[in-house]
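Trainee: Below you will find the structure I want to go over with you.
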Amino acid sequence: MTIFRGTVLDTPGDERVGAVRLRADPDAALLVEGGRVTARGAFADVMAAAGSAERHDVVDLTDGLILPGLVDTHVHYPQVRIIGGLGLPLLQWLEERALPEEARLQSVTYARGVAAEFVHGLTSAGTTTALVFGSHFAPAMDVLFEAAATAGLRVTAGLVASDRGLPKPLLTTPDRFYDESMALASRWHLHGRTRFAVTPRFSYSASVAMLDACASVLKDVDGALFTSHVNENVSEVAAVAELFRGAEHYVATYDRHGLVGPRTVLAHNVHATAPELALLAARGASVAHCPSSNAALGSGLFPLARHVEQGVRVALGSDVGAGTGFFILKEGLHAYLTQRSLGSGGLPLAAADLLHLATRSGALALGLGEEVGDLSVGKQFDAIWVRPRPGEPLAVGLRHASSPEDALARTIALATPSDLAGVWIAGEQVPAVHPG
Ligand code: GUN
Ligand code: ZN
């Protein structure tokens with residue numbers, strides 16, 4: 001048994017984004033047994049209830065803040081080495097920056113180096129749970145799952161499917177995609193903390209036959225997730241409309257194959273139409289909002305208010321490598337700034353809303369709301385310790401914060417991954433392993 005002592009901030013409720021309540025417990029204790037929180041309360045009370053202090057390890061995290069582990073609902077494994085390719089719109093960025101790099105993962109040796117850097121990128125940024133957009137190559141996916149499992153990360157990922165519109169080395173066939181996906185799922189789905197996700201790159205690069213193969217994998221892998229891209233960029237949306245002349249809209253290109261449901265996470269949705277939002281809400285699907293990527297590629301300003309009004313669940317994605325880094329609290333800041341940039345059309349967001357988007361919203365989107373996303377009794381102890389070094393801007397900010405909400409707002413504004421002094425998954429501290 002371990003007792004973690006400190007100031008705990010989390011957002012365990014299910015209020016809509018824009019009205020989230022912060023739970024703030026100064027000098028709290030979380031009793032953790034078998035990786036789960038089994039008691040939570042004032043430090044003195046939990047200690048008294050737990051009996052003699054000698055029988056427990058007390059981990060003193062009283063300086064700084066304890067937050068739930070961060071949840072990234074959209075992050076590309078093969079793109080860790082191309083973060084920062086600024087100045088291009090989506091389709092040109094894919095052609096010039098992303099796809100040439102993704103083709104290199106055909107080499108398992110290359111993929112191994114990328115996977116080590118990718119997993120380090122997640123853990124060092126406090127991401128403990130992620131829906132990972134995979135590689136087009138099955139051996140590179142084994143490498144990713146191995147690296148994630150070694151680190152203890154909660155990773156859901158799958159082989160990426162494309163059979164048109166991309167450079168030849170990245171293309172496969174529906175039959176091959178089905179067979180390789182089933183083999184990967186047999187090794188990694190519900191294996192420890194890893195799960196499988198059916199992942200067509202986007203309908204721009206998937207034929208009807210490929211989307212049917214995706215539906216078959218989704219049906220045959222019980223509990224698998226479905227993820228892809230949607231409505232990111234106006235040229236992409238126009239190209240998809242051209243390719244799927246019979247479809248009512250972009251979301252329908254997936255929905256026609258039964259791919260949109262409660263275990264679906266679609267990234268971006270910047271240019272969503274009202275019927276698409278209504279359909280996503282009716283299906284219980286989630287949208288991964290990737291604000292730094294949307295800004296970097298000039299994709300547009302995300303209509304969060306329309307998603308929330310229609311009842312579509314939204315969580316955050318870093319979208320590395322179009323996104324500008326792994327840190328989900330920075331995505332929270334970008335989400336806030338995006339809504340401010342929309343003026344009266346933007347949804348006003350408080351720090352508690354941003355923490356919810358970065359933690360519990362993500363857990364719910366990934367079907368893990370009973371396990372992670374907050375630090376209630378019964379949840380896994382997945383946590384980060386925000387403790388800046390003395391003199392860092394965040395240390396100054398936290399010292400002058402007037403309330404827990406203010407401390408959280410300062411953290412979202414100022415924190416960087418180097419302000420994280422510890423990351424735990426299921427009660428175990430994740431070692432800071434640098435890939436070298
Ligand atoms: N749409 C299809 N592929 C990608 C990708 O790799 N990144 C982004 N941002 N959008 C995509
Ligand atoms: Zn993406």
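Trainee: Under a 1.4 angstrom probe, counting protein chains only, how are Thr2, Thr156 ranked by accessible area, largest first?
Mentor: Details: Thr2 35, Thr156 5 Å².
Solvent-accessible surface, decreasing: Thr2, Thr156.
Trainee: Please compute the Kirkwood hydrodynamic radius of the range 76-225 from all pairs of different C-alpha atoms, in Å with one decimal.
Mentor: Values: mean 1/r = 0.0648 Å⁻¹.
Result for the range 76-225, one decimal place: 15.4 Å.
Trainee: Rounded, prolate or oblate: pick one for the chain, where a ≥ b ≥ c are the square roots of the eigenvalues of its C-alpha gyration tensor, a/c under 1.5 means rounded, and failing that, prolate if a/b is larger than b/c, else oblate. Working shown, then result.
Mentor: Working: a/c = 1.79, a/b = 1.49, b/c = 1.20.
Judged from the Cα gyration tensor, the chain comes out prolate (a/c at least 1.5, a/b above b/c).
Trainee: Classify the range 207-288: rounded, prolate or oblate, from the alpha-carbon gyration tensor (a ≥ b ≥ c, eigenvalue square roots; a/c under 1.5 rounded; otherwise prolate if a/b is larger than b/c)? Write down the numbers at each step before the final one.
Mentor: Numbers: a/c = 1.88, a/b = 1.30, b/c = 1.45.
The shape class here is oblate.
Trainee: Right, something else. Measuring from the lowest to the highest alpha carbon on each principal axis, how far does the range 1-117 reach, largest first, in angstroms?
Mentor: 61, 39, 24
Trainee: Per 0.36 nm of contour for each residue apart, how much would the distance between Thr173 and Ala278 grow if the chain were fully extended, relative to their Cα-Cα spacing? Before the final figure, lay out the partial values.
Mentor: Numbers: separation 105, 0.36 × 105 = 37.80 nm, distance 3.26 nm.
Result: 34.5 nm gained on full extension.
Trainee: Quick query: amide H of Phe133 versus all other amide H atoms, modeled in the peptide plane; which residues come in under 5 Å with a sequence gap of 5 or more or a different chain?
Mentor: Sorted by chain and number, the residues that satisfy this are Val75, His76, Tyr77.
Trainee: On a 0 to 90 degree scale, rounded to 10, what angle separates helix 174-188 from the longest Cα axis of the chain?
Mentor: 20
Trainee: Can you tell me the orientation of helix 208-220 relative to the chain, as the angle in degrees between its alpha-carbon axis and the longest Cα principal axis, to the nearest 10?
Mentor: Computed tilt is about 40 degrees.
Trainee: Classify the range 295-420 as rounded, prolate or oblate, taking a ≥ b ≥ c as the square roots of the eigenvalues of its Cα gyration tensor: rounded when a/c is under 1.5, otherwise prolate if a/b is larger than b/c and oblate if not. Show your work: numbers first, answer last.
Mentor: Values: a/c = 1.58, a/b = 1.18, b/c = 1.34.
It comes out oblate by the Cα gyration axes.
Trainee: How big is the accessible area of Ser216 in square angstrom, nearest 10, if you roll a 1.4 angstrom probe over the protein chains?
Mentor: Using a 1.4 Å probe on the heavy atoms, I get roughly 40 Å².
Trainee: Work out the FRET efficiency for Val208 and Arg16 from their Cβ-Cβ distance, taking R0 = 30 Å, and round it to the nearest 0.05.
Mentor: Numbers: r = 36 Å, r/R0 = 1.21.
According to the calculation, E is roughly 0.25.
Trainee: Can you list the HN-Hα couplings for the range 12-20, worked out from phi with the Karplus curve (6.51, -1.76, 1.60; θ = phi - 60°), rounded to whole Hz and with x for Gly and Pro?
Mentor: x, x, 10, 5, 6, 4, x, 9, 6
Trainee: Report, to the nearest 10°, how far helix 274-283 tilts away from the longest principal axis of the Cα atoms in the chain, using its own Cα long axis and a range of 0 to 90°.
Mentor: The angle comes out near 60 degrees.
Trainee: So who's got an amide H within less than 5 Å of the one on Thr264, skipping anything under 5 residues away but keeping other chains? H placed 1.01 Å off N, in plane.
Mentor: The list, which skips near neighbours in sequence, is Phe226, Ser286.
Trainee: Counting DSSP beta bridges with both partners in the chain, what percentage is antiparallel, nearest 5? Please report the intermediate quantities before stating the final value.
Mentor: Values: 26 of 61 bridges.
The antiparallel proportion sits near 45 percent.
Trainee: Add -39500 (n - 2.57) for each DSSP H run of 4 or more in the chain, then divide by its residues: what number comes out at 222 nm, to the nearest 500 deg cm²/dmol? Display every interim value, and only then the final one.
Mentor: Numbers: 17 runs with 161 residues, N = 436.
Value at 222 nm, helices only, nearest 500: -10500 deg cm²/dmol.
Trainee: How much length is gained if the chain between Glu309 and Ala421 is pulled fully straight, taking 0.36 nm per residue apart and subtracting their Cα-Cα distance, in nm to one decimal? Don't skip to the answer; put the middle values down first.
Mentor: Working: separation 112, 0.36 × 112 = 40.32 nm, distance 3.76 nm.
Extra length from Glu309 to Ala421 when fully extended: 36.6 nm.
The values are calculated or read from the model by the stated rules, or taken from the named source; none is laboratory data. Since the structure is predicted, the reported quantities are computational estimates derived from the model, not experimental observations. In this analysis, Cβ positions are derived from the backbone assuming ideal geometry, glycine residues included, and neighbour counts consider all displayed protein chains. To get the accessible areas, we keep the full protein, side chains included, count just its heavy atoms, and leave off ligands, DNA and RNA. Shrake-Rupley method; radii C 1.70, N 1.55, O 1.52, S 1.80 Å.
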